[in-house]
1. Quick one: residue 245 ticks every box in (1) under 25 Å from residue 160 (Cα atoms); (2) open to solvent by less than 80 Å² (accessible area, probe 1.4 Å); (3) out of contact with any Lys or Arg (no Cβ under 6 Å at 6 or more places or on another chain); (4) of a type in the set (D, E, K, R) except a single one, so which number is it?
2. So, of the residues in segment 122-140 that are within 13 Å of residue 112 (Cβ to Cβ) and over 8 Å from the mean Cα position of the chain (by Cα), which turns out to be surrounded by the most Cβ atoms within 10 Å (Cβ to Cβ)?
3. Of the residues that sit in segment 50-80 and are open to solvent by 60 Å² or more (accessible area, probe 1.4 Å), out of contact with any helix residue (DSSP H, G or I) (no Cβ under 7 Å at 6 or more places or on another chain) and not hydroxyl-bearing (Ser, Thr, Tyr), which one is modelled with the lowest pLDDT?
4. Can you report the number of residues in segment 212-256 which are closer than 23 Å to residue 193 by Cβ and either charged (D, E, K, R) or touching a Cys at 6+ places or on another chain (Cβ under 7 Å) (or both)?
5. Looking at segment 102-111 only, could you name the residues that are under 13 Å from the mean Cα position of the chain (by Cα) and of a type outside the set (Gly, Ala, Ser)?
6. Filter segment 198-219 down to residues that are surrounded by fewer than 16 Cβ atoms within 10 Å (Cβ to Cβ) and either at pLDDT 80 or above or within 12 Å of residue 253 (Cα to Cα) (or both), then give me how many there are.
7. Restricting the search to segment 37-49, which residues are closer than 15 Å to residue 70 by Cβ and open to solvent by 40 Å² or more (accessible area, probe 1.4 Å)?
8. Filtering segment 81-116 down to residues that are among the small types (Gly, Ala, Ser) and more than 15 Å from residue 59 (Cβ to Cβ), which residue is most open to solvent (accessible area, probe 1.4 Å)?
Amino acid sequence: MKKMLCSTIVLSMCAICPVLAEESVSSPINDKTIDFIEKQVEQNMSVGRAVKSVVSHYPQDVEIVVRTALDLYPDQYREIVHAAISAQPALTEDVVSIAIEKHPEHCASIVQTAINAEPSYIDFVVNAATHATPGELEEIVRVAVITEPNSADTIVRSVAQAQPNRLAEIVTTAIGAVPLVGEYIVEALLVSYPDSTETVITSAFRQSSLSDNGLLRILAAARGAGLSDDKLRVYALNGGIEEEDFTSLIQQLDKE
């Protein structure tokens, strides 16, 4: 009986040992990261510089470094996000995902910070943010377009890929935030979503104004995509444009 009991205990310990060994390997990594970041900050180095230093040399540890820094200094999330992305732009999507997971209430601010840190990776930023917090889609689009209006077409395409059923919201939010980008948004979405032409054009008309020639540019973009004036008239009227205003716009377009 004693032999059987001993054998059972030994087998149980063998089963547990790998788990204990795994924990003993991972814990020191966390401890070292915490110690390093804290010491750097104690030595008058900002948390951003500390994060940038580690991530620059050890990109494979970006997740643990960013998570640790956000846990230690939650109020400095902007500096941490900016530093990590500046050090390793290719890891932008990972950094944004981690930051939003930690601070979903600051999603819009994280998006703005990430875009400012590396504008060329804006599609990764909005993709990560939209997947992490789909309920914040309109705010993500608004902040992204305002922060980097020259990339409006990339922004709407990336967000639309994540939420294709919310094209109307995407178009109205983007054009509402920066009316001047209406033409580029329409062009981009008509190419990517030819089966959603009516949604794209009608939504664009609803958010445009005659005063800034937004409607004229949108009509030009739609014509360039091959839409007939008859279809455009229907979409314009559905978008709240008066018949006489539409006729006037078409006449102006024909003169150019």
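The values are calculated or read from the model by the stated rules, or taken from the named source; none is laboratory data. Keep in mind the model is a prediction, meaning the values are calculated, not measured. FYI the Cβ positions are ideal-geometry reconstructions off the backbone, even for glycines, and counts take in every protein chain you see. To get the accessible areas, we keep the full protein, side chains included, count just its heavy atoms, and leave off ligands, DNA and RNA. Shrake-Rupley method; radii C 1.70, N 1.55, O 1.52, S 1.80 Å.
1. (1)
2. The selected residue is 136.
3. The first filter runs over segment 50-80 and keeps only residues open to solvent by 60 Å² or more (accessible area, probe 1.4 Å), leaving 52, 57-58, 60, 63, 71, 75-76, 78-79.
Then drop every residue that is not out of contact with any helix residue (DSSP H, G or I) (no Cβ under 7 Å at 6 or more places or on another chain), which leaves 57-58, 60, 71, 75.
Then keep just the ones that are not hydroxyl-bearing (Ser, Thr, Tyr); that gives 57, 60, 71, 75.
Numbers: 57: 87, 60: 91, 71: 92, 75: 95.
Taking the candidates together, the pick is 57.
4. 6
5. Scanning segment 102-111 gives 104, 106, 107, 110, 111.
6. Taking segment 198-219 as the starting set, the residues that turn out to be surrounded by fewer than 16 Cβ atoms within 10 Å (Cβ to Cβ) are 198, 209-212.
Add one more test, that the residue is either at pLDDT 80 or above or within 12 Å of residue 253 (Cα to Cα) (or both), and what stays is 198.
Counting residues in segment 198-219 that are surrounded by fewer than 16 Cβ atoms within 10 Å (Cβ to Cβ) and either at pLDDT 80 or above or within 12 Å of residue 253 (Cα to Cα) (or both) gives 1.
7. Of everything in segment 37-49, those that are closer than 15 Å to residue 70 by Cβ and open to solvent by 40 Å² or more (accessible area, probe 1.4 Å) turn out to be 38, 41, 46.
8. Initial filter on segment 81-116 (among the small types (Gly, Ala, Ser)): 83-84, 86-87, 90, 97, 99, 108-109, 114.
Add one more test, that the residue is more than 15 Å from residue 59 (Cβ to Cβ), and what stays is 97, 99, 108-109, 114.
Numbers: 97: 46, 99: 0, 108: 27, 109: 23, 114: 0 Å².
Once the filter is applied, the top-ranked residue is 97.
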